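Worksheet: one structure, shown below.
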Amino acid sequence: MPFMADQDPATRAAALRAQLLHHAHRYYVLDEPEIPDTEYDRLFRELQALEAAHPELLTPDSPTRRVIGRVLDGFAPVRHAVAMLSIRTETDTTAAGAMAFDERVRRELGLGEDAPPVEYAAELKFDGLAINLRYEAGVLVQAATRGDGETGEDVTQNIRTVRGWPGAGGQVPQHLDGAAPAVLEVRGEVYMRRDAFERLNQRQRERGEKTFVNPRNAAAGAVRQLDPAIAAQRPLSFFAYGLGETEGWTPPETHSATLDALSAMGVPVCADRQVVQGAAGLVAFHQAMGARRDALPFDIDGVVYKVNSVALQKRLGFVTREPRWAVAHKYPAQEQMTRLNGIEIQVGRTGKLTPVARLEPVFVGGTTVSNATLHNVFELRRKGVRPGDRVIVRRAGDVIPEVVGRVPGVRASYVPNFRMPAACPVCGSQVLREKGGIDHRCSGGLFCAAQRKQALLHFAGRRAMDIEGLGDKLVDQLVDSGLIRILPDLYTLASDAGRARLSALERMAEKSAANLVDGLEKSKHTTLARFLYAMGIRHVGEATARDLARHFGGIERLIDASVEQLLEVGDVGPVVARSIHSFFRQVHNREVVQQLRGAGITWPEHDAAVADTASRPLAGKTLVLTGTLPTLTRDEAKALVEAAGGKVAGSVSKKTDYVVAGSEAGSKLDKARELGVAVLDEAGLKGLLDAAR
């Protein structure tokens, strides 16, 4: 609660200390924060202000006077030879924050207005876990967490598993390059890249296990695992940013040169750093990194400014728990607290139903947010959020805002668990969830208004009905104007009245309308496989559509097929069979098929003899295409193989008959050689086809 004018300062200060100690323990020790950093910073600043106004309230154990943390049970304590202190945070996220720091430095150094600008080393503020690496004679002998600044945890075995990211570096070296000092302690941050974090959480979801709030907590939790094997499964990286104890080595005279020296020894150092002059240089760096923040592969919550000269750093010294010569300058918070007013369902363009949080508007990530995704009902329940809760909302760049979790607290009254609807809120069709899946979907498909635009674009695609001239913008116009409600409406545009309505659309000239009508007429002559693919049936891609067409020979047999009959089709498993069966059980989907046939869409009808592929030269053969062929595109090569009755697979296995390899073939070629699969070039493929014929 905020400080009130009539509230006893001593009582409030005690309450703030208790809150800060609790939340710091959750953050630094348990790696399970309950509130966003901005809320912790607000409480911290309030306590600082109270202690400044009432010095008699300042206590030796106040969070404002020390680094908070402790050694977890199970880890050996490590006493730091040089204390690992934190640095002051400049919470003004504007240019004024940088200018205020420069002004303080100049004042402490006694520099007048005519003195030259101070030189600074400007770096990124990584969102990870601070680590001290101790090298003796160039060999990594110990790694320790910050802990309380004086004593940390021995996490050496876990840190040895930090392998970085392929092509991006970030590996903790076990040995330093070149002539190494007797003792060199490297300080830096263990972090997790965003792409690695997303893959980790996806794996956790698939296993039904706990997901992580953010990359920082995932990284910290990995480092502080008692089992190094678990830590080894987490994709971690490392960046160095400073020194601890050194023996037998004289560090360079500037901080930037020190980082250059560490880099030369093989220690990962972030390239996004600069030496700048004065306040203007700090402001420019802060703005430039802010513009790039969302494009970086890892999270930062600000930048760090350090006086570059080591001699000046010594002159400036420290105050309580912080160096006077460094500051962290933050960006607008990407996480904030607010109230969850309600949960509604949004139906996406592909029919996926997503629970959406309706929030008390909150400013986060540079904009006001009133809606946020809850992903799916299982994620929603894992996070334990219900209407009326205080929740943490996260927004980074252009990423859709999401509810990260609930702020612990007692609910005023019972609120039932949220349940997904049985019927689509848009079209009323049945809502289905595949066995073992996590997403709920509308079965309306071709009928559901929410899926209308996506269904039209897919239907018109080059590999489906191939309707020239029907792109995103025109589909938006056709749907938004009410000209198209369901797929068969497309073919009414070929009438005189339809042409007139088309020509009346914005930016739709008579010639453009004529081209679209021509495209529609051409699309009427297709194949059953293309038509089935164009229907957008979940899990039915081009290959499955061809298999269905060959097996059933006609649309009527397919529509009436049971799940058991669908399972007789090669490569159609239970999930795909149920998806096809459910699609054609929907009356409106069957009606759309009939109306499209009535609009003139035709294809050659296959009898059983034609449907049988056994007589084709590559029948029963599986080929894999990899690399770039000299004259054939991937699609052209695939078409040749399939026309000969063969199947093109996406990966190499023992069941693969041939791998067709072009230039830059990569891992599939290696796998083929490992398994002893026959490898062909383009000439070999053509020879195989000719011989088969």
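Could you tell me which residue out of 129, 184, 303 lies farthest along the dipole of segment 88-330 toward its positive end? Charges go on the beta carbon: Lys and Arg +1, Asp and Glu -1, centred on the Cα centre.
Going by the charge dipole, the pick is 129.
With a ≥ b ≥ c the root eigenvalues of the C-alpha gyration tensor of segment 528-611, is it rounded (a/c under 1.5), prolate (a/b larger than b/c) or oblate?
oblate
What's the center-to-center distance, using Cα atoms, between segment 245-303 and segment 374-421 in Å?
Cα centroid to Cα centroid, the span is 37 Å.
How large is ³J(HN,Hα), in whole Hz, for each residue of segment 310-320 in order, when computed from phi with the Karplus curve 6.51 cos²θ - 1.76 cosθ + 1.60 and θ = phi - 60°, using x for Gly and Pro?
5, 4, 5, 4, 5, 5, 6, x, 10, 10, 6
If each residue's Cβ is checked for other Cβ atoms within 10 Å, how do 59, 368 rank with the fewest at the top?
Numbers: 59 13, 368 10.
The fewest-first ordering by Cβ neighbours comes to 368, 59.
Within segment 111-176, list the GluC sites (Glu not before Pro) lying in a DSSP loop whose Cβ has at most 11 other Cβ atoms in a 10 Å radius.
The qualifying sites are 113.
Can you give the Rg to Rh ratio of the chain, both from alpha-carbon atoms, with Rh computed by the Kirkwood formula?
Working: Rg = 31.9 Å, Rh = 30.3 Å.
Result for the chain is an Rg/Rh of 1.05.
Tell me, 440, 588, 525, 375 in order of fewest to most beta-carbon neighbours within 10 Å?
525, 588, 375, 440
Mind jotting down the distance between the C-alpha centroids of segment 201-229 and segment 614-693, whole Å?
With segment 614-693 and segment 201-229 each reduced to a Cα centre, they are spaced 40 Å.
In deg cm²/dmol, rounded to 500, what helix-only [θ] at 222 nm does the chain give when every DSSP H run of at least 4 residues adds -39500 (n - 2.57) and the total is split over its residues?
The per-residue figure over the chain is -10000 deg cm²/dmol.
Can you bin segment 88-330 into rounded, prolate or oblate? Criterion: square roots of the alpha carbon gyration tensor eigenvalues sorted a ≥ b ≥ c, rounded for a/c under 1.5, prolate for a/b above b/c, oblate for the rest.
oblate
Ordered by residue, what ³J(HN,Hα) values in Hz, to whole numbers, does segment 440-449 give under the Karplus form 6.51 cos²θ - 1.76 cosθ + 1.60, where θ = phi - 60° and Gly and Pro are x?
Residue by residue, segment 440-449 yields 9, 9, 6, 8, x, x, 5, 9, 6, 4 Hz.
Pull out a ≥ b ≥ c, the square roots of the eigenvalues of the alpha-carbon gyration tensor of segment 335-406, then state rounded if a/c is under 1.5, prolate if not and a/b is larger than b/c, and oblate in the remaining case. All intermediate terms of the calculation are to be shown ahead of the outcome.
Details: a/c = 1.74, a/b = 1.20, b/c = 1.44.
Here segment 335-406 falls in the oblate category.
Using each residue's phi in segment 176-189, evaluate 6.51 cos²θ - 1.76 cosθ + 1.60 at θ = phi - 60° and report the 3J(HN,Hα) Karplus result to the nearest Hz, with x for Gly and Pro.
Calculated HN-Hα couplings, in order: 7, 7, x, 5, 9, x, 4, 9, 9, 9, 9, 10, x, 10 Hz.
Which percent, nearest 5, of DSSP beta bridges in the chain are antiparallel? Write out the running numbers ahead of the final one.
On the way: 76 of 91 bridges.
Of the beta bridges lying entirely in the chain, close to 85 percent run antiparallel.
I'd like the FRET efficiency for residue 412 and residue 294, computed as 1/(1 + (r/R0)^6) with the beta carbon distance as r and R0 of 41 Å, rounded to 0.05.
0.65
Set the Förster distance to 30 Å, then compute FRET efficiency between residue 195 and residue 142 from the Cβ-Cβ distance, nearest 0.05.
Calculated value: 0.50.
Rounded to whole Å, give me the distance from the Cα center of segment 482-539 to that of segment 92-149.
Distance between centres, Cα-based: 63 Å.
Which trypsin sites (Lys or Arg not before Pro) does segment 400-459 hold that lie in a coil by DSSP with at most 11 other beta carbons within 10 Å?
411, 419, 435
How much length is gained on full extension from residue 103 to residue 400, taking 0.36 nm per residue of separation minus their Cα-Cα distance? Provide the component values of the computation, followed by the final result.
Numbers: separation 297, 0.36 × 297 = 106.92 nm, distance 3.84 nm.
Difference between extended and current length: 103.1 nm.
Considering Cα pairs under 8 angstrom that are at least six residues apart, work out the relative contact order of segment 189-288 and quote it in whole percent.
Details: 73 pairs, mean separation 25.5, N = 100.
Once divided by the residue count of segment 189-288, the mean separation gives 25 percent.
For residue 306, which lysines qualify as cross-link partners when the Cα separation must be under 24 Å and same-chain residues fewer than eight apart are set aside?
Qualifying lysines at Cα under 24 Å: 125, 314, 330.
Residues with amide H under 5 Å of residue 124's amide H, sequence separation 5 or more or different chain, H placed in the peptide plane at 1.01 Å from N; which?
HN-HN under 5 Å from residue 124: 304.
Once you charge only the Cβ atoms, +1 for Lys and Arg and -1 for Asp and Glu, what is the size of the charge dipole of the chain about its Cα centre, to the nearest 20 debye?
1660
Quick one: plug the Kirkwood hydrodynamic radius of segment 622-692 (C-alpha pairs) into Stokes-Einstein at 4 °C, 1.567 mPa s, and report D in µm²/s.
The estimated diffusion coefficient comes to 109 µm²/s.
Filter the GluC sites (Glu not before Pro) in segment 166-265 down to the DSSP loop ones having no more than 16 other Cβ atoms within 10 Å, then list what survives. Kindly include the intermediate steps, with their values, before the conclusion.
Values: sites: 185, 189, 198, 206, 209, 245, 247, 253; in loops: 209, 253.
Sparse-neighbourhood loop GluC sites (Glu not before Pro): 209, 253.
I need 465, 337 ordered by Cβ neighbour count within 10 Å, fewest first. Don't jump to the answer; show the numbers that get you there.
Numbers: 465 24, 337 17.
The order, fewest Cβ neighbours first, is 337, 465.
Among 93, 231, 115, whose Cα lies farthest out toward the positive end of the dipole of the chain, if unit charges sit on the beta carbon of Lys, Arg (+1) and Asp, Glu (-1)?
After comparing all options, I get 231.
Values quoted throughout were computed directly from the atomic coordinates according to the rules given, and no laboratory measurement underlies them. Bear in mind the structure is a predicted one, so any value in this text is a computation, not a measurement. So basically every Cβ, Gly included, is an ideal-geometry build from the backbone, and we count neighbours across all protein chains shown.
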